[in-house]
1. Ordered by packing density, taken as the mean number of other Cβ atoms within 10 Å over each peptide's residues, highest first, how do A:163-170, B:275-282 rank?
2. On average, how many beta carbons from a partner chain sit within 10 Å of the beta carbon of a residue in B:314-326?
3. Do any of B:50/B:397; B:133/B:353; B:133/B:295; B:30/B:353; B:30/B:276; B:246/B:313 go past 31 Å between their Cα atoms, and which?
4. How large, in Å, is region A:149-300 by the Kirkwood hydrodynamic radius built from its alpha-carbon pairs?
5. Which order, highest average first, do A:146-153, B:358-365, B:29-36, A:186-193 follow once you tally other Cβ atoms within 10 Å for each residue and take the mean per peptide?
6. Report the residues of region A:130-145 in range of a label on residue A:242: point 7 Å along Cα→C-beta, backbone N strictly under 18 Å from it.
7. Can you give the FRET efficiency for residue B:160 and residue B:35, using 1/(1 + (r/R0)^6), R0 = 41 Å, r = Cβ-Cβ distance, to the nearest 0.05?
8. Residue A:213 to residue A:300: extension gain in nm, 0.36 nm per residue of separation minus the Cα-Cα distance?
Amino acid sequence: MSVVTPEIEMVPASWTRRHLLGLEDLTAGELNLILDTATAFKRETAGCTQKIAKLAGVTMANLFFENSTRTRTSFSLAARRLGADTVDFASSSSSMSKGETVVDTARNIEAMGVNVMVVRHRTPGTPHLLAKSLDCSVINAGDGPHEHPTQGLLDIMTIRESRGDLRGLTVALVGDIAFSRTARSNIWGLKKLGANVILCGPSTLVSKQWEQFGVEVSYHLDEILPRCDVLNLLRIQFERQTTRPFPSVREYASLYAMNAERLKRAKNDVLILAPGPINRGVEVTPDVADGPHSVILDQVTNGLAVRMAVLWLISGKPMRDDG
Amino acid sequence: MATLLLTNGRVIDPSQNLDRVTNILLRDGKVAGIDVHDAGADEVIDCSGKIVSPGLFEMLLLLREPGRVVVERFASGTAAAINGGFTSVACIPNTEPPIDTQATVEFIQQQAARADNCHVFVVACVSKNREGKELAELGQLVNAGAVAFSDDGAPVYNAELMRRAFEYCLMWDKPILNHAEVRELTVGGVMHEGQVSMLLGLPGMPAAAEDVMVGRDIVLAESTGGRIHIMHVSTAGSIEIIKRAKKRGVRVTTEVCPHHFTLSDECLRSFDSNFKMSPPLRSQADVEACIAGLKDGTIEVICTDHAPHAAEKKMQELDLAPFGITGLETCLGLVVTYLVEPGHLDWPQVIEKMTTNPARILALRGKGTLAVGADADVTVIDPQARWTVTAEGMRSKSKNSPYIGHTLTGRATTVIVGGRVKLRLA
C-alpha cells in the first residue's frame, strides 16, 4: 500500500536515540513522537493487521531470558509487519546453560547480522550492560522490576486514544509497585505527559519514598477510587518476592481486587487497564476484566503499534539535512 | 645490611607525636635514629617535599590464596600492596580452604616469605572450616602466629558461638573481626536499600542489616569483656552505635574503606558491577557519617577490603556478579583526595589511621611506629603527586576497580620493608 503519512516516511531528526532502555530518560517530546508514530502506523496498517515494508533488510533478535508470550510475539509481529527479519533466542535453547556469559551470548547473536536486539532479563540493568557491550541497538523488553518501556508506552497510548490528552487525568497504578517494571515505566511516562499518578497497594509493596518524585501514595483503594480516571491493575509478581508481602491472596483480593462492587463507586467513564497476564480473581474479577470499562485487549493491539514505532525510530531511514 | 638515610622529609609518627622535617636513619632492618646527620650511610634518599611515614598497614586484605589463584596470588597481591604504599597486610581467611589450622597459617607465612614483598600477618578463622558451627583451634592458631580471628566473607552468625569466641580469646586478648550483616534482611540483595534501589528495582540490603549485627556484637563484647573490631563499617546507624559503646568503655574498634567515604548508591544507576560490594555503597548521608566518624575518632582505621575478581565474573548481570573491588593501589590517593585535600583529616590523623592504629589493634610490636628500634618499614609519600588510575598501572592480577580513569592526588614514591627498598618511583 502507499504511504501518505509524513511521520513514518523518514525518521525525524529530533529522534537521536540508538537504544530504548527506559522511559525515565525520555523527554515529553520523545514520548509524544513515539506515540504519534505509533498512532500513524496503526492507522496506515488497518489497526496493525497489514504490512508496511519500512524495515526491509533489518534483522531483529528477541533475546528473552525470562518467560514471555505476549511481549515476544508482539515484538516479532511488529518487526514482520515492517518487513524486517526476526530471530528468537530463549535462554533454555541458548548456550547460557553451558556457562556462557550473557555478554558473550549477545555478541554471538549480534555477529549473525542482527541490527536490533530486544532483551528481557530478570535482572535490572542487563539491557544496559548489553547496550554498552554491543554495536547494535538494544530495546529493553523488561529488566526485572526496573523498566518495561514499551509496556508503559502502550498503556499510555491506550489512555490517550480514549481521552485524547493525558494532562490533568488521574491514573492509579494498583497492586505490586515494588516488583513492577510496568509501574516504573508508567510513572515516568505519565508524569512527563502531565497526568496525576497515584500508587496504591499494600504498604509492603508501595514505598512512601515515591512521594519525593511527585506521585501520590495510598494504601487504600476504596479511598482513592472515586477520583480516578484510569485504573491500571498490576499483577502480583509472586516469582520475584523473597518473602510474602501480605498474609494471603484472599486478604489481598479483599483489599485491592477490582470487582463489580468497587466499579459502582468509580467514575462512570473509568478506564480499566491491566498489563497482563491477569490473575482473574486476584487483582481483577472476570466481570470487570471483560466488562465495558476494560481496554485490556486494546492494550494488546496498541502494543504492536508502539513496538512498530520504536523499531522504526531506532532503525529506520533517518531524515537528512539535505533531504 | 645497608644503611639508609632518608633526608629532609616531613617525618610524621603519631606513636611518638612526631611531626617535623628531619632525617631518619635505617640500619640492619631497624630504625636506628632520628635527627641523624650521618654522611656515612650507604644510600641517601632525598625526601624533600615528601612525607615520611611508618609503613602503611592494611588490615583487611583478601588474598585468594590458597584457592582462587586466577584472580590473585601472594606475589601479585603483595606486589599490589607495595605499589599502594603498604609494608604490612593482614590477610583474611576468606580462602579455599579457609585458614583454620596451623598448617594453613604456616602455608600463608611460607608463601609470603617466597613472595618477599611485604609483611603478611594472618587473621585466622573463628570457626572450623569457616562454617560458623564450632570454634577452630584458636590456641593452636595463636601459637602459629594468628594475630586476630574472623570468619569474614560471612559473619559469625551463631550468637552463642560468638560469645564463646569472645570469652575464649580473652586468654590471648585477641580481637574478633566481624562482618556485620543479618542475612535474613539481605537475601538476594545487590545494593543498599533506599531511594535508588527503589527506582532501579534492584533488591536492597538495608542499613538495618548491618546495624542490628553491630549492636549484637557490641552487647556480646561488653558482656564478656572481649574485643570486637567491626569490619568495614558503612552506615550512620552503626557508627552511632559504636560511638555510644566507646563512651561506655566497650572494647570496640572499627574501620572504613575508601569506597564508603567517596561513593554513594547513586553510582549504581550505571548498573556497573564495579559498584557492587558488601557492605554496599550507602546513601550520601551515610557517606557523610563515615567522614564525620573518621574526624571525631569513632573510626580509627582506614582499610581497603581489597577483593580481586576476574573481569569475566564482573561482566555479568548485577545479581550474578560477585561483591567487591580491588583497593590496595587506590587507597592512599583516595584518602588524600577525599579526606586530606578537603580538610577533613590532617596528615598525622591519616597516618595514625593507616599505620599506628592497625598495629595497636593487632598488638604488633615494632609496627606502625618509627621509634628507634622499630622495624625499618617506611612509606615515603608525595602528597602533591597527581596521577590517573589505570588498569595497566595496577600490580594486582585483577582490575575490578571503579576508580579507573579517576585522577587522584598523593601516592607512595618509596616503600621500604625491613630496611630494603621495595618501591622506588622516579
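1. Details: A:163-170: 14.8, B:275-282: 24.5.
Sorting A:163-170, B:275-282 by mean packing, highest first, produces B:275-282, A:163-170.
2. Details: counts 0, 6, 6, 14, 8, 7, 4, 2, 0, 0, 0, 0, 0.
For this peptide, the per-residue mean of nearby foreign Cβ atoms is 4.
3. On the way: B:50/B:397 29 Å; B:133/B:353 33 Å; B:133/B:295 38 Å; B:30/B:353 22 Å; B:30/B:276 41 Å; B:246/B:313 40 Å.
Checking Cα-Cα distances, B:133/B:353; B:133/B:295; B:30/B:276; B:246/B:313 exceed 31 Å.
4. On the way: mean 1/r = 0.0660 Å⁻¹.
Evaluated over region A:149-300, this radius sits at 15.1 Å.
5. On the way: A:146-153: 28.4, B:358-365: 19.6, B:29-36: 17.1, A:186-193: 23.4.
Final packing ranking: A:146-153, A:186-193, B:358-365, B:29-36.
6. Under cut-off, by backbone N: A:144-145.
7. Numbers: r = 54 Å, r/R0 = 1.33.
That gives a FRET efficiency of 0.15.
8. Values: separation 87, 0.36 × 87 = 31.32 nm, distance 2.88 nm.
The residue A:213-residue A:300 span can extend by a further 28.4 nm.
The values are calculated or read from the model by the stated rules, or taken from the named source; none is laboratory data. Nothing here was measured: the structure is a model prediction, and the numbers come from that model. As a convention, Cβ positions derive from the backbone with ideal geometry for all residues, glycine included, and neighbour counts pool all protein chains shown. Accessible surface is based on the protein model in full, side chains and every heavy atom, while ligands, DNA and RNA are left aside. Shrake-Rupley method; radii C 1.70, N 1.55, O 1.52, S 1.80 Å.
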